[in-house]
Amino acid sequence: MNREVLARAAALADTGEPFALATVVWRRAPSSGRAGSKALITPDGDVVGWLGGACAEPTVVRSALEALADGRPRLLFTGPADELDGHRRPGVTAVPMACESEGAMEIYIEPVLPDFELIAIGGSPAAQTMVRLAADLGWRATLVDEQATAVDGVEVVRSLEAWNPSPGRRAAVVVATQGHYDERALRVALASEAGYVGLVASRKRAATVLEYLRSEDVSDDALARVHAPAGMDLGSVEPNEIAVAVIAEIVALKSGGGLDGVTVAAPALATDPVCGMSVDTRSAQHVYEHEGTTFYFCAASCRKAFMAEKAGEAS
């Protein structure tokens, strides 16, 4: 099973797709998980591999999606409620398992995220310096402009229309067209999910561009994403130094966690009304309809107890 998980992980890593890798690092019988067992969780909440039973898996999926969203690994303890205090320590998330099983596990969850990406739009010296600096930092770098010259180690896209604006949150898109097509480029940049969207321009020019887009029905929420003027304020500097200022601002945001993580699906989870455990509604085996509401249970015993309670209320 681990071989299948690792093969899938390698394939996703090769294509730059995010995932979380969960590994059982400790377990106590009768937990069905085994030390060293692994599972891969995608941003859609799909699972490849095996970590434990029906109670443990939804909890791991939820924690994995949280790790993908904030870009930070975590250690998860799942076990009886009376053992939680003994496992509480910095960096550990303790979740009570309220089912019949008396087993327990610690699971390390590591988000594996694509390389950070910088897309500079425009053929200006600032744009070309930005992508060079980004490549030196180990980021993926792309220069988008019809007149752009080749840059070593950097993908060059020859027109804005040829660029597919698909970067996720771990990306920065910087418009540095020097007024040639700022408005069009910024509209395309805002169509992406990039965590950073910047406009290299004077304050006056930046205000004019944003006001124009507002008049073209670009929402205030979208325009609020724009860093304009882009970059740290270094005063009056040369174009190459403007590029340094922009990269510095992006690095500062990255180091503060503002550009970590990826977009994840809302987990399809419900709470078992008897024991309080999370239940994956997509694969739940124990379901009960009552007065127009669907209830999901982690085990048949919880469903039976709930049905008995409702029957007692009705009698």
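On a per residue basis, segment 72-177 carries 45 Å² of accessible surface, using protein heavy atoms and a 1.4 Å probe. For the chain, modelled as a GNM with alpha-carbon contacts under 10 angstrom, which of Leu40, Leu190, Leu118 fluctuates the most? With Cα springs under 10 Å in the chain, the top fluctuation among Leu40, Leu190, Leu118 is at Leu190.
Listed values for segment 176-182 are Karplus-derived 3J(HN,Hα) couplings in whole Hz (6.51 cos²θ - 1.76 cosθ + 1.60, θ = phi - 60°), namely 9, 8, 6, x, 5, 8, 3, and x replaces Gly and Pro.
Of the trypsin sites (Lys or Arg not before Pro) found in segment 237-315, those in coil by DSSP whose Cβ has at most 14 other Cβ atoms within 10 Å are Arg282. Of the candidates Val218, Val173, Val244, which one comes out as most mobile in a Gaussian network treatment of the chain with C-alpha springs shorter than 10 Å? It is Val218.
For the chain, what % of the accessible area comes from carbon and sulfur atoms, probe 1.4 Å?
Numbers: 7740 of 15480 Å².
That share works out to 50 percent.
The GluC sites (Glu not before Pro) of segment 221-315 meeting both criteria, a DSSP state outside H, G, I, E and B (loop) and at most 12 other C-beta atoms within 10 angstrom of the site's C-beta, are Glu291. Under a 10 Å cutoff between Cα atoms, tell me which one of Val157, Val237, Val262 has the largest fluctuation in the Gaussian network model of the chain. It is Val237.
Charged side chains reduced to their Cβ positions (Lys and Arg at +1, Asp and Glu at -1) give the chain a dipole of some 520 debye around its Cα centre.
The values are calculated or read from the model by the stated rules, or taken from the named source; none is laboratory data. Keep in mind that what you see is a predicted model, and the values were worked out from it rather than measured. Every residue, glycine as well, gets a Cβ built from its backbone with ideal geometry; the counts of neighbours run over all protein chains shown. To get the accessible areas, we keep the full protein, side chains included, count just its heavy atoms, and leave off ligands, DNA and RNA. Shrake-Rupley method; radii C 1.70, N 1.55, O 1.52, S 1.80 Å.
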